[in-house]
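Reading through the structure tokens given below for one structure.
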Amino acid sequence: MQREKLIPEFDWHTVLVQPWSEYASNSLWIVLMGFLVSGTCGLVGCFVILRRMALVGDAISHSLLPGITLAFLLTHSRDTLPMMIGAIAAGALTVALIEAIRFSSRIKADAAIGIVFSSLFAVGVILISVFADKVDLDAECVLYGELGFIPLQEVAYFGDQAIGPKPVVRMAVIAVIAIVLLIAFYKEMLVTSFDAGLAASLGISPARYHYGLTLFLSIVIVSSFESVGVVLVIAMIIFPGATALLLTDRLSTALWISTALSAFYAIFGFHLATWLNASIAGGMTVIAGVLFGFVWMASPNQGLIVQYRRRQSNNNENLEPFNQEL
Amino acid sequence: MRAFWKQDFQAEANFSRMNRQERTSVLVPHLRLLASLFLLLMISSVAHAAKIGEIAETSWAEQALDFFALKHPAIRAAALGTLLIGFCCGTLGSFLVVRKLALLGDTLSHAVLPGVALGFLWNASKDPWAIFIGATGAGIMGVALVGWIKQTTRLKEDSAMGMVLAGFYGLGVCLTSMIQNMVMGNKSGLDKFFFGQAAALSSGDLWLLGITSSISIVLILIFYKEFLAMSFDIGFAKAVGMPVRALHYLLMALLTFAVVVSLQAVGVVLVSALLITPAAAAYLLTDRMHWMLVLAAVFGMASGILGAFTSYLSNNLPTGPLIVLGSTSIFALALVFGPRYGLLTKILRRKRQRKRIALENTLKSVFHLSENSGFTRKEFDISELAKERNQDLASTEKEIRALVAARLARNVDSEGDTEWSGKARFQLKKSGWHRACEIVRNHRLWELYLTNAAQYQSDHVHDDAEEIEHLIGEDIVQRIEERLRNPIQDPHGKLIPRRDQITA
């Protein structure tokens, strides 16, 4: 049996040129979808990180599975609306159960999150296996997703004008909604994220914005999971924001940086995946991880290198008086 | 400062004494358990990989009998495997739950994926040892990264865990998709790592499980005191010179072992449930760490067997999710029916407390009636009390009935509880009068304490005392009395009934 090499030769032409010369429209849709997913996730993600809800996002992304499976079983369609409703219901149930366990017992938030999402995910997997013949979903497609299939999806029409693959159009709509909501509620989100007490005293209900963000998070996750999979949605939510927050102290700047980073992930992830013949979402995550590692080292104010230098010079300054005395 | 140190040493002394006892009490049952598990392991070393469900085509009861008779080697393998997994994950998960690191298990189980893929690439086969080594390396690296990110950046633990989880997983997805695109990739069987199939455990896997379980139980027993100190008071552990960092990584290494060996049976996503849920259920039932470990191990094993059994009964459902649901049901039972922290207990306790407070308030009003008459009268009718309590006759009558039922008062006119009227007369029994005096004393003492010792205004103290009178016990009352030098009058000039005066 012939064994191929794991890492193919890096061929300039096939990796960088061919996708854009021969398969331009496919590549465009894939990269655009990648950018829309990670851009939207990144915007929501900045707030998710600031509010220390990163693992709640993880929990929601897993517990969507029973929600969409039930929606599918009840309506026998993969239309957007029932899926959305199922997903939102599952997201709300997750958050409600986590809070219920936290408030009614001595179990802490982390354990409550773990218990709830794993149980709901288990219910989802069992539902899928019980109704395996009726469900056109499999748990693995939910886990991975595949950006590469985006150009093959049904095309959405506006009038008789073909716009593009349905998931891309849907994601674009969600992205626009995210931006509109962000502009409309920027101040409120800012205040509630950093100082819930101040927000309450200004008459802005922190709870309302908390639940609003959670709701929107489940919408974003459900519209993204099809292309990047449940776990990698988390990567797209956390990485842009976390990297941006290492570069700046201002939330508005962080939001811009996270959007720019998302474009970077989409383009370079796509090419990496083409080169290695690997999953595109996986490639985007690897790029995101590498980029985070780089910023972590080299960030101008908070990077490891700067921290190290600062410690060195501090030591020298502290020793100065002693040196003089000697 | 010196007193402080002394206290610390005292604590330490207690600590080691307690632990010696605890160790012996933990050691014996565990060793016995371990021995029997190993016996099982030896019996079932010839295990075939097969779906357990395929064997069964008979009735429900017969299937159950078949399962528990452990006739078929595949059943033995699955049962033993899930038992060991439950045992291992339950015990180690307890430390995660008490340290509020529950989701580190989730991070670990995702982070091992690139290691699994690399281990697979090592010699292009599902060699458990290569995969085990690769996965363990990846897991430990992931945990170290979480710690490092948390230390050196402003990002919080949850973001750090999320990044390691998703980043490593992304790398793993990349690697597995590359492997599957290679020619020999099709039969790699790597997908087993995502959802798990207990029946597919090979005898090599079982040995690995058995060895991991015994190593972790031995290390837990050896370092029990250190792990305990580290889990509850890391400052103390550092202060007495325990190598906290090394111990942390030891625990993480053990956890990684457990996660890696459990992956094939329950899958990536659901391993974390096995680490968290049995331990959380145990946490609801006990306050002692050694009991928590034992309970978590038992719950883990019970859910393992439950999952393997239901998977067997239901023909082809995956084992992992069923094990998880088994442990979730145990957790739910503990949450509702737990004798100490259960919801039901809490509701009953609150109900009982409310009833007691209502009784005590009635008694207090009767005391006031008696006090208004200069302690001359002992019998009152219901309408008098209703006026004093500012409520209607019917509810007052209900309160008196409650007093009578609690044997704190009696009906003067007739012993039976037939028709009562507004004129029906009642009298407190001796016990009722005692209790009434106590409550009034608590109330007035507390008022005096607030005005004298805490500098409250005398017209601000009533509401506070109204709450606290039901809660403070004899010891607190005595301390307040000492502090206020056995006072006679409250801030409003009323009598504080003393214990020795309470005779009436």
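Observations, loosely collected:
- Of all residues in the range B:153-171 being in contact with a helix residue (DSSP H, G or I) (Cβ under 6 Å, 6 or more places away or on another chain), facing chain A (nearest Cβ under 7 Å) and under 19 Å from A:Leu304 (Cβ atoms), the one that is surrounded by the fewest Cβ atoms within 10 Å (Cβ to Cβ): B:Leu155
- Of all residues in the range B:373-386, those satisfying the criterion of being surrounded by 13 or more Cβ atoms within 10 Å (Cβ to Cβ) and farther than 13 Å from B:Gln427 by Cα are B:Ser383, B:Ala386.
- Residues of the range B:279-310 classified as hydroxyl-bearing (Ser, Thr, Tyr) and touching a Gly at 6+ places or on another chain (Cβ under 7 Å), total: 1
- Count of the range A:92-107 residues, restricted to those that are among the hydroxyl-bearing types (Ser, Thr, Tyr) and either part of a loop (DSSP other than H, G, I, E, B) or loosely packed, with under 13 Cβ neighbours inside 10 Å (or both), is 1.
- Filter result for A:Ala71 (modelled with pLDDT of 85 or more and away from chain B (no Cβ under 14 Å)): yes
- Candidates in the range B:369-384 are the residues that are assigned to a helix (DSSP H, G or I) and free of Cβ contacts under 8 Å to residues at least 24 places away in the same chain; of these, the one that is nearest to the other protein chains (Cβ to nearest Cβ) is B:Leu369.
- Tabulated pairs, the range B:313-337, first at positive phi, second surrounded by fewer than 23 Cβ atoms within 10 Å (Cβ to Cβ), C-beta under 9 angstrom, 6+ apart or interchain: B:Asn315/B:Lys51; B:Asn315/B:Gly53; B:Asn315/B:Glu54; B:Asn315/B:Ala56
- Among the candidates B:Tyr249, B:Tyr283, residue that is buried (at least 22 other Cβ atoms within 10 Å of the Cβ) and in the same structural domain as B:Leu92 (by TED's automatic domain parsing): B:Tyr283
- Residue that is nearest to B:Cys174 (Cα to Cα), among those in the range B:69-120 that are within 27 Å of the chain's Cα centre (by Cα) and of a type in the set (Val, Ile, Thr): B:Thr107
- Qualifying residue in the range B:207-214 (condition: surrounded by fewer than 23 Cβ atoms within 10 Å (Cβ to Cβ) and within 14 Å of another protein chain (Cβ to nearest Cβ)): no
- Of A:Val222, A:Val191, all but one fail to be assigned to a helix (DSSP H, G or I), among the hydrophobic types (A, V, I, L, M, F, W, C) and under 20 Å from A:Ala87 (Cβ atoms); the exception is A:Val222.
- Qualifying residue in the range B:237-249 (condition: away from every other protein chain (no Cβ under 14 Å) and within 30 Å of A:Phe103 (Cα to Cα)): yes
Yes/no matrix, rows are residues, columns are (1) modelled with pLDDT under 85; (2) surrounded by 24 or more Cβ atoms within 10 Å (Cβ to Cβ); (3) closer than 24 Å to B:Leu333 by Cβ:
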residue	(1), (2), (3)
B:Phe223	no, no, no
B:Phe236	no, no, no
B:Val240	no, no, no
B:Arg245	no, no, no
B:Ala273	no, yes, yes
B:Ile276	no, yes, yes
B:Val294	no, no, yes
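- Residue in the range A:17-29 that is of a type in the set (A, V, I, L, M, F, W, C), touching a Leu at 6+ places or on another chain (Cβ under 6 Å) and not in a loop (DSSP other than H, G, I, E, B) present: no
- The number of residues in the range A:274-319 that are without any contact (Cβ under 8 Å) to a residue 24 or more places away in the chain, within 11 Å of chain B (Cβ to nearest Cβ), in a helix (DSSP H, G or I) and closer than 18 Å to B:Ala166 by Cα comes to 5.
- Selection status of B:Gln478, surrounded by fewer than 11 Cβ atoms within 10 Å (Cβ to Cβ) and farther than 23 Å from B:Asn372 by Cα: no
- Within the range B:96-119, the residues that satisfy the criterion of being among the small types (Gly, Ala, Ser) and within 12 Å of B:Val143 (Cβ to Cβ) are B:Gly105, B:Ser109, B:Ala111.
- Boolean, B:Gly134 is more than 30 Å from B:Ala282 (Cβ to Cβ), modelled with pLDDT of 85 or more, buried (at least 18 other Cβ atoms within 10 Å of the Cβ) and under 36 Å from the mean Cα position of the chain (by Cα): yes
- Qualifying residue in the range A:79-86 (condition: part of a helix (DSSP H, G or I), closer than 21 Å to A:Ile179 by Cα and either touching a strand residue (DSSP E or B) at 6+ places or on another chain (Cβ under 8 Å) or within 13 Å of another protein chain (Cβ to nearest Cβ) (or both)): no
- Of all residues in the range A:17-68 being within 13 Å of chain B (Cβ to nearest Cβ) and hydroxyl-bearing (Ser, Thr, Tyr), the one that is farthest from the chain's Cα centre (by Cα): A:Ser63
- Filter pass, A:Phe264 being more than 13 Å from chain B (Cβ to nearest Cβ) and either out of contact with any Lys or Arg (no Cβ under 7 Å at 6 or more places or on another chain) or at pLDDT 90 or above (or both): yes
The values are calculated or read from the model by the stated rules, or taken from the named source; none is laboratory data. Nothing here was measured: the structure is a model prediction, and the numbers come from that model. Don't worry about glycine lacking a Cβ; one is built from the backbone with ideal geometry, like all the others, and counts go over all protein chains shown.
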